[in-house]
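The values are calculated or read from the model by the stated rules, or taken from the named source; none is laboratory data. Model, not experiment: these values are computed from the prediction. Glycine gets a Cβ as well: all are built from the backbone with ideal geometry, and neighbour counts include every protein chain shown. Ligands, DNA and RNA are excluded from the accessible area calculation, which covers all protein heavy atoms including side chains. Shrake-Rupley method; radii C 1.70, N 1.55, O 1.52, S 1.80 Å.
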Amino acid sequence: MLILLPPSEGKTPALRGSAVDWSTLGFPELNPYRAKVLEALGTVSAHQDALALLGVGASLRDDVERNTRLHAEPAAPAHSIYSGVLYDALGYRTLTPAQRRKADESILVISALWGALRFNDSVPAYRLSMGTALPDVGRLAPFWKGQLGDTLGAAAQGHLLVDCRSSTYAAAWAPPPEQTVSVNVFTETGGVRKVVSHFAKHTRGELARHLLVRRGKAPAAPSDLLKAASEKWDAELVPGTARKPHALNIILAG
């Protein structure tokens with residue numbers, strides 16, 4: 001089983017430590033493309049109109065300024081850099097050592113800057129969204145889609161993929177549909193369902209945690225994932241097609 005996560009918009013910078021060591025990052029074949037995005041990001045972030053070009057507000061000025069020195073910024077494992085609703089619900093720090101090892105082996109984060117990261121890859125905090133366009137790179141989702149296919153396709157062989165990404169990050173890599181289950185979250189009141197956003201992040205984080213802490217074998221097929229999710233939620237599985245992945249729908253009370 002591999003769990004695909006989006007990064008968080010908010011990140012917690014490391015206060016001390018060494019800068020990123022590119023040789024230790026997972027998927028080292030992506031390093032030339034990571035370097036290209038990093039250089040373009042530094043250039044844009046030093047521009048007088050950097051906030052507008054990156055689509056962020058004035059409150060994030062310090063984050064954008066940090067983008068100009070990412071080669072020298074302290075790095076820390078992705079599971080401590082990424083923060084926010086989903087990552088709080090996953091609660092890596094409260095996992096047992098064995099569960100943390102399972103998380104490090106099972107979780108992949110799809111990143112606008114790094115392409116794809118293992119959960120224990122050490123990187124600096126940065127500010128960049130997959131929906132951004134950078135000079136000499138273009139829009140990041142199409143850029144990474146051209147690079148991630150072979151790398152992640154090889155990593156995914158033999159695994160069930162539990163896709164907890166948002167649509168923005170899902171656009172950067174389309175995994176094999178027959179072995180992929182996208183996770184959707186709805187509320188239901190009086191038989192009427194509504195898609196949720198904030199609680200979707202929280203619930204996806206809770207699902208990731210549940211899959212890491214539950215006893216027994218990890219799900220190896222979509223039906224196994226449905227069974228695991230049903231231990232905690234009202235859930236249903238929508239079968240996929242030749243082009244569309246399976247869908248796990250988690251239904252919360254309205």
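Overview of results
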quantity	calculated
Largest to smallest accessible area among Lys11, Lys232, Lys227 [probe 1.4 Å]	Lys227, Lys232, Lys11
Label point 7 Å beyond Cα of Lys36 along Cβ direction - residues of segment 101-144 with amide nitrogen under 14 Å	113-115, 134-144
His79, His202, ranked by accessible area, largest first (probe 1.4 Å)	His202, His79
Volume per residue that the Cα convex hull of segment 176-232 spans, once the total is divided by residue count, Å³	109
Cα-based convex hull volume of segment 1-94 per residue, rounded to whole Å³	133
Percent of Cα-Cα distances greater than 26 Å, calculated over the chain	40
Tilt relative to the chain, helix 97-106 - C-alpha long axis, 0 to 90 degrees, to 10	80
Links that overshoot a 24 Å alpha carbon limit, given the list Lys217/Lys244; Lys102/Lys145; Lys36/Lys145; Lys201/Lys227; Lys194/Lys217; Lys11/Lys232	Lys217/Lys244; Lys102/Lys145; Lys194/Lys217; Lys11/Lys232
Tilt relative to the chain, helix 140-156 - C-alpha long axis, 0 to 90 degrees, to 10	50
Carbon/sulfur fraction of accessible area - segment 126-186, other protein chains in place, 1.4 Å, %	49
Largest-first ordering by accessible area, 1.4 Å probe, given options Asp163, Asp63, Asp88	Asp88, Asp63, Asp163
Accessible surface, per residue, of segment 1-109 when the full set of protein chains is kept, probe 1.4 Å, Å²	49
0 to 90° range, to nearest 10: angle between helix 198-213 axis and the chain longest Cα axis	70
Rounded accessible area of Lys244 (nearest 10 Å², 1.4 Å probe)	130
With all protein chains modelled, accessible area of Ser83 [1.4 Å, Å²]	30
Compactness relative to 2.2 N^0.38 Å, alpha carbon Rg of segment 96-170	1.20
Accessible carbon and sulfur surface of segment 16-77 relative to its total accessible area, %, 1.4 Å	51
Percentage relative contact order, segment 60-121, counting C-alpha pairs under 8 Å, at least six apart	33
Cα radius of gyration and Dmax for segment 199-254 (Å)	11.6, 33
Leu53 accessible area, assembled protein chains, probe 1.4 Å, Å²	90
